[in-house]
Every structure is written in C-alpha cells, then in structure tokens.
Amino acid sequence: MIGDAASTAHRNQKVPQGFYNTEVMLGSVIRHGGEVGICGTCMDARGMGDGDILDSAHRSTLAELAEWTAWADKVLVF
C-alpha cells in the first residue's frame, strides 16, 4: 500500500455502519494467502508504527514493490 492507502492496513478501525472496513477486507486477502506490504515511508508520514498495522501485514519498501511487480503476471494499479 502506497500513500494514503497505507492507512487501510491500520488495526482496530472503528468504521461507521454502512462504510467499508478495509481492515476486514485486507484480512480476507491475507487469509487467502495474499501478502500485504505497506510503504514504510508512507507509514512514517502518517505517524504509523509497526504496531499500528495488521499482524500479517509488514513494513515494505519500493524495492520489494519492484520485485513483486517484476514477478507478477498481472499488476493492478488504481
């Protein structure tokens, strides 16, 4: 996750009824074998520490993003 998307992996979200809980959505990705990397610089810019993100998500780097992009058959960007 890059930029403001870094906050989607924040643990213990308190979301109003009817709104998407991205913590739950990312948890589903992780439970199905997906890896979730959060841009470390983006975390720092938003005051997030390693203890603020989902247990199975990790602080990542642009080097890891480049590695995942080169490895993948398809890449989604939005």
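In the condition set (1) surrounded by 10 or more Cβ atoms within 10 Å (Cβ to Cβ); (2) acidic (Asp, Glu); (3) over 12 Å from the mean Cα position of the chain (by Cα), GLU23 is compliant with all but (3). Is it the case that the range 57-65 has a residue that's part of a helix (DSSP H, G or I) and at pLDDT 95 or above? Within the range 57-65, one or more residues are part of a helix (DSSP H, G or I) and at pLDDT 95 or above. None of GLY51, GLY18, GLY27 is farther than 18 Å from ILE2 by Cβ, at pLDDT below 95 and assigned to a helix (DSSP H, G or I) except GLY27.
Among residues of the range 1-29 that are free of Cβ contacts under 8 Å to residues at least 12 places away in the same chain and more than 17 Å from ASP44 (Cβ to Cβ), those with a beta-carbon under 8 Å from a residue that is outside any loop (DSSP other than H, G, I, E, B) and not hydroxyl-bearing (Ser, Thr, Tyr) at least six positions away or on a different chain give the pairs ASN12/GLU23; GLN13/GLU23; VAL29/VAL36. Working only within the range 54-78, note down all residues that are over 15 Å from ASP4 (Cβ atoms) and among the aromatic types (Phe, Trp, Tyr). Hits for the range 54-78 are TRP68, TRP71.
The set of residues in the range 33-48 that are assigned to a loop (DSSP other than H, G, I, E, B) and modelled with pLDDT of 95 or more comprises ARG46, GLY47, MET48. Taking the conditions exactly as written (among the β-branched types (Val, Ile, Thr) and either in contact with a Cys (Cβ under 7 Å, 6 or more places away or on another chain) or modelled with pLDDT of 95 or more (or both)), does THR8 satisfy them or not? Spelling it out, it is not the case that THR8 is among the β-branched types (Val, Ile, Thr) and either in contact with a Cys (Cβ under 7 Å, 6 or more places away or on another chain) or modelled with pLDDT of 95 or more (or both).
The values are calculated or read from the model by the stated rules, or taken from the named source; none is laboratory data. Keep in mind it's a predicted model, so treat the numbers as computed, not measured. For neighbour counting, all protein chains shown are included, and Cβ atoms are generated from backbone atoms with ideal geometry for every residue, glycine included.
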